[in-house]
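Data block below; observations after.
Quick note: the coordinates plus some simple rules give every number you see, no bench work behind them. Treat the numbers as computed from the prediction; the structure is a model and nothing was measured. Here Cβ is always computed from backbone atoms with ideal geometry, including for glycine, and neighbour counts include all displayed protein chains.
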Amino acid sequence: MNSFRNRLLAAAFALIVLVQGATTFALLARARSQLLATAAANMQGRADALRKVMAVRYEVAATSLAALTREQSFGAALAARDPEALAPLLAAQSTALRAQFTTLSDESGRPIVPATGLSGAALEELSNALRVASSGQHVEIHTQAGTTTRELFAVLGSRSYRLVVVPARTHERTSWLAAGFALTDETAVGLKDFSGLDVSYLTHAADGKTYLASTLPRELRPRLYSIPLAGLDAVAPQLVDLGGEPYFFALLPLDSATGAIRAVVQLPMRDTTARFERLRLEMLVISIAALAVAALIALFASRRALRPIDALVLAAQRIEQGHYGEKVVVRGGKEFERLAAVFDSMQRRIAEREARIVHQARHDQLTGLPNRLAARAKLSRLLGERVPVGLVLLDLRGFKHLNASFGHELGDQVLREIARRLSGAVRLDDCAAHLGADQFLLLLRGSGVEHSMATAAQIVRGVRQGVLLGAIEVNLDMHAGVCAAPEHGTEAEELLRRADIALQEAKASGTAVCRYETGRDETYRKRLRLLTDLHAAVLADQLSLVYQPKVQMGDRRVRSLEALVRWTHPQLGPIPPADFVPLAEQTGAIGELTRWVLRNAIAQLAKWRAAGLDSELAINLSASDLSDAELPEEILGLLARNDVLPRQLQLEITESVVMRELDKAVRVMRRLREAGIRFAIDDFGTGHSSLAQLKALPVDELKIDRSFVRDLEQGTRDDAIVRSAVELSHSLGLKVVAEGIETPAAWTALLRLGCDYAQGYFISRPMPPEQVVSWIHEANARLAGAESGTAQVRVLTELRGARR
C-alpha cells in the first residue's frame, strides 16, 4: 500500500468512489425529497379537505341552531324566559344535531337552560366560555344561509368540546344558544374516515392533566406527549418519528375559549419510506457494480501508466544513496522524459548543494574560518593520529561593548581582520577557527606548550596594539588560554575545557596569556558547583547576614553598620565572600544575590527600629546593579513595605564599578539620592576615577581602602595618602570612613588626621543581628566617657576582649 503505484490506484479508485457516491447520494436525496414533497402535498390536500368538512359540519349545526331561534314557540318561550318550555326544544335540537348538549344563556353567560350531562365545575367552565363568546372576543362567522354565529373550543371538566354559538334576540335582548360536540375518539375516527388522516386532540385541563382523543394506534398515543407541538406549522407538514414510525404532522388551528386544546393531523409515511428503501437498494446495487467495473479498468491502466515511474524510483534510490554520476533516462511519454531531465538536473544541483552545505556547516560565514564543529573534528583527528598539538583559546574582551557603541558593521570588520591575522600567523598544517562571537581557537600541529605560549603572546601583543580599519583605529584587549596534548589530556572535550579554564584564569588575573596548570579542573568544578549551589542557596534562603559597626570618631558613637553576606555550604562549609561574590558578578548571578541582601537587611533594620535602635545600614552594590533601571523602584518599595526611612540606608559602590557605565550609574544613583538614600565610594584610592568624575557623582562618603589603613603610622606614605584623602573629601563636603582598622596605632593616627568614621576588626568583627543591639548600647555608653585617645583604645580593646 506504501508504493506510489498502489497510492495512485487507491487515489483513482477513491475518486471514482467519491464521484459515484456523490452522484448516488444526490440522486437518493433528490428522490427522497420528491417523495416527501409529494407526501406533503398529498397531506396538505387532505388537511384542506378535512378543514372544509369541519366547516360544513359547523355550518350545518349553526344553521340548525339559527332555525330554532326563529321558531315561534322558541321565541315565545325565550321571551317569557320559561326554562321548562325551552328545555324540550333544546333537547330535541341536541338529538337532531347529535350534540352532547345544548344550552341557552343570557347576554352575560348565565345559563337560562343549563346543559345536561355536565358537572358543576364543567357548567361553570361552560358559562365562562359563553361569557367569552358574548363579549365579542371571538370572530363572528357568517354562514351561507346568512346566519351570524361564533365557533370556539372549550375544555369542560376533563373533556374538550367544539361549541357552536348563535345569538337569540327578543325585545332587544340577546341570548346565546349553544350546542356542544365532544372531541372524542369517535369524532376523530369520523374525520379520519373522510380524509384518510389520523386526527388527535390533546386537551390540557384545569387540573393540570392532559387528555387525548386520537385515531392513532394505542401503543403510539403516549409518544404524542413528548412531541413539541408548539413547533408544528399549520401550513407545512413536518416529518416526525413516532415510536420508530415516520409520520407527517400538521397542526389544525383551534380557537380555545378555556383550557388549551391542540388538534393535530398525522399521515403515516411507512409506505413512502418503504418505496424509498427499495429505490435506495436498487441504486446501491447499480453503484457497486459500476465501481467494480471502474476498479478493473483503473488497475489495468495503472500498470501500463506507471512503468516509467519504476525507472524514476530506481534513479531516486541512486540519488538517495549519494550516487550522482549516472544520467537519468526514462521513456514512456514526453511528460516522463521531461521529468527524467528534471531528475538529472536535480542530482547535479544536489551534489553541488551538498558540497556547499558541508562547507557552510563547518565554517563561519562571517570570517570564513572553520567553526567549532570543524575545529573539534580536526582536533579529534590529530589526537587519533597521536600527533602533539597545542591549543590556543583567544578571547576579545569588551567586544560586546564595541558592538553596542559602534554598531555590528564595525564589529564584523574587526572579526574579519582578526581572522585574517590568525590565518597568516599559523602554518599550513595548523588550524585557526572562530568558535563564537568573540572567541577564536588555534590548533598548532606538532607544538608543545612553550611554542603555543609564544605564538599566543605574539598574537595577543599584536591585537593589543590596535586594529586599523580604514581611517579608524580600534583599540582591543585580548586574552589567551593555552594547553597542549598529550601533556594536558588526550580527549578533545577535555582539552577544550582546559584551554577555557586557562583563558578564564587569564581574564580573572588580567594576564595576557595563561597556561593550564594541572589541578585547576578541581577549582573549575568547584566554581561551577558554587555557582549552582549559590542560586539554590538564595532561593532556599540559606545565606545569612552579619553586621560590622562603624564608630563616628568625633563623638565616639556607633550610628551605623555595614551588612556583609555569609554563606555556609552544607558540604564545603563556610565559603568566603571573596570566592562567591566575584563568581556571581562574572556569571550575572549577582542581581539575585543583591536583592536577597536588600530584602533581609532592610527587614532587619525594621526589627531594630521596633526594638528602639535607630541605626543606619550600609549595603554594597555591584556594577550590574547600578545598570539596572528597575533597582531604584525595588529598593524604595522595600523601604516602604518595611516602614524604614530612606536616610537609614546607605549604598556602597567602588570607583571601578561606577566608571564602567558612568551615565547609567549616575542616573540610578541620582534617582535614589533624590529619595533620601545616601551613597559611599568604597575602596577609594584603588580605582581610576578622575577628580572631575568624582565631583559629578552624587555621593556622601568616601571609604579609604584598608590597604592604606592597615599599617598606618605617622610619617609614612600611607599617612600622607590618608591625610590627602581626608582633606580632599572634606573640601568636597564628603565624610571619610577608614576601613580595615586593626591596630591601636591606626585608630590613634585616624583621630589625628580628622577621619569621620572608623571600621575594622580593632573595633569589632562582624556580628550576627541578635548581638548588635546590646553591643551598640554598651559601646556607646563606655566610649562616651573616653575623652582621650588612650582611653578610647582601652575601651575598644576591652570590648573586643569581652566578645571573644
Mind sorting 707, 560, 788 by how few other Cβ atoms lie within 10 Å of their own Cβ, fewest first?
788, 707, 560
Report the Stokes-Einstein translational diffusion coefficient (µm² s⁻¹, integer) for the range 25-270, Rh taken as the Kirkwood radius over Cα pairs, at 25 °C with viscosity 0.890 mPa s.
127
Calculate how many DSSP beta bridges within the chain are antiparallel, expressed in % of all such bridges and rounded to the nearest 5.
75
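With Cβ to Cβ distances under 13 Å as the rule, what net charge do the other residues near residue 198 carry (K, R +1; D, E -1)?
Neighbourhood net charge equals +3.
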Computed from the beta carbon distance with a Förster radius of 51 Å, FRET efficiency for residue 695 and residue 348 to the nearest 0.05 stands at 0.10
Spin-label point model (7 Å from Cα, Cβ direction): what's the residue 23 to residue 518 distance in nm?
9.0
Sorted largest first, the C-alpha extents of the range 1-63 along its principal axes in whole angstrom are 87, 14, 6
With 24 Å as the cut-off, how large is the P(r) tail for the range 372-518, expressed as percent of Cα-Cα pairs?
28
Length gained when the stretch residue 95-residue 728 is fully extended (0.36 nm per residue, less Cα-Cα span)
214.4 nm
Cα convex hull volume per residue for the range 179-245, in Å³, equals 131
Binned at 10 Å starting from 0, the alpha-carbon pair-distance distribution of the range 485-591 in whole percents comes out as 12, 33, 26, 18, 8, 3, 1
What are the extents of the Cα atoms of the chain along their three principal axes, listed from largest to smallest and rounded to whole Å?
156, 99, 53
If you build the Cα gyration tensor of the range 19-144 and take the root of 5 times each eigenvalue, what three semi-axes come out, in whole angstrom, biggest first?
50, 16, 13
Rough spin-label spacing in nm, given labels placed 7 Å along Cα→Cβ, for residue 209 and residue 633
7.6
Which aspartates and glutamates does residue 192 reach when only Cα atoms under 16 Å apart count, and residues fewer than 8 places away in its own chain are ignored?
48
Residue 428-residue 799 FRET efficiency (beta carbon distance; Förster radius 56 Å; 0.05 resolution)
0.15
Convex hull volume of the Cα atoms in the range 456-521, per residue, in Å³?
91
Please give me the summed charge of the neighbours of residue 114: other residues whose Cβ is under 15 Å from its Cβ, Lys and Arg +1, Asp and Glu -1.
-2
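Taking 26 Å as the cut-off for C-alpha to C-alpha distance, list the pairs among 400/664; 526/703; 400/507; 550/607; 507/735; 400/695 that go past it.
Beyond 26 Å between Cα atoms: 526/703; 507/735; 400/695.
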Taking the Cα atoms of the range 529-802, report the difference between the largest and smallest coordinate on each principal axis, in whole Å and largest first.
48, 44, 37
FRET efficiency (residue 539, residue 223; Cβ distance; R0 56 Å; to 0.05) is 0.20
Report the relative contact order of the chain, percent, no decimals, based on alpha-carbon pairs under 8 angstrom and at least 6 residues apart.
6
Add +1 for every Lys or Arg and -1 for every Asp or Glu among the other residues with Cβ under 13 Å from the Cβ of residue 476, and state the total.
0
Full-extension gain between residue 51 and residue 73, please, as 0.36 nm times their residue separation minus the C-alpha to C-alpha distance.
4.4 nm
